[in-house]
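Asks: Following this message is one structure expressed as structure tokens.
The values are calculated or read from the model by the stated rules, or taken from the named source; none is laboratory data. Please read these numbers as outputs of a predicted model, since none were measured by experiment. Please note: Cβ atoms are built from the backbone with ideal geometry, for glycine as well, and neighbour counts cover all protein chains shown.
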Amino acid sequence: MKYIFATIATAVLAASPAFAAEDTGLYMGAGIGNFAVDSDQIYNGKNFDGSDFAYKFFGGYQFMKWLAVEVEYFDGGEPTDVYRNPSFPNDRLRLGTSVTGWVGSAVGIWPINESFDVFGKLGFVYWDAGGSGKVRNDVGTIVKTSVNEDGTDFAWGVGGTWNFSEAFGVRAEYQGFELSNFNSTSLATASIVWRF
């Protein structure tokens, strides 16, 4: 993930003179990054800790220099974790969860200078999660099962945007989702932003 941010930052900072973004209007964008999930006491006293490649699409409307509303869709891939039991050294339990969601947020914006701003956002995420489990040994899969769940929970995010032209910019963002049955879920992304 750090290489994605470093590459974008280097390219943007090397660009010629900065441009101020429009204070109002529609915008849209797309990003890629990392989705991480953590949950306590999943199996035999051990935690679930997994991450996977993620992507998202978003769009919004900026009413004024300080305020916007935004809607996004994200796909968090399928973070997985593997567990072993000393009593059964040849067996292993593989758990995975796939999470997608729609997020609606109010975005507060703080312009730092003509080309860079930081932002924070609060809202809600409507999420859909699928869980899967497989027990395997040296021969193959012994047991497998799956479950599905959905819900609506609190979402937040912080980040910054560098506007390298009047129409285009890049955004680095970290988001947290308070999903039921998980201790923490987070999405870190680098995105391209296009303003109309």
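Asks: Just to be sure before I move on: is SER16 at pLDDT below 95, under 18 Å from the mean Cα position of the chain (by Cα) and among the polar types (S, T, N, Q) in the structure I sent?
Replies: no
Asks: Only one residue in PHE53, PHE74, PHE48, PHE58 is assigned to a strand (DSSP E or B), among the hydrophobic types (A, V, I, L, M, F, W, C), modelled with pLDDT of 95 or more and over 30 Å from GLU114 (Cα atoms), so which one is that?
Replies: PHE53
One line per residue, one yes/no per condition, for (1) at pLDDT 95 or above; (2) closer than 22 Å to TYR61 by Cβ:
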site: VAL99; (1), (2): no, no
site: VAL103; (1), (2): yes, yes
site: ILE109; (1), (2): yes, yes
site: LYS121; (1), (2): yes, yes
site: SER132; (1), (2): no, no
site: ASP138; (1), (2): no, no
site: GLY157; (1), (2): yes, yes
site: ASN163; (1), (2): no, yes
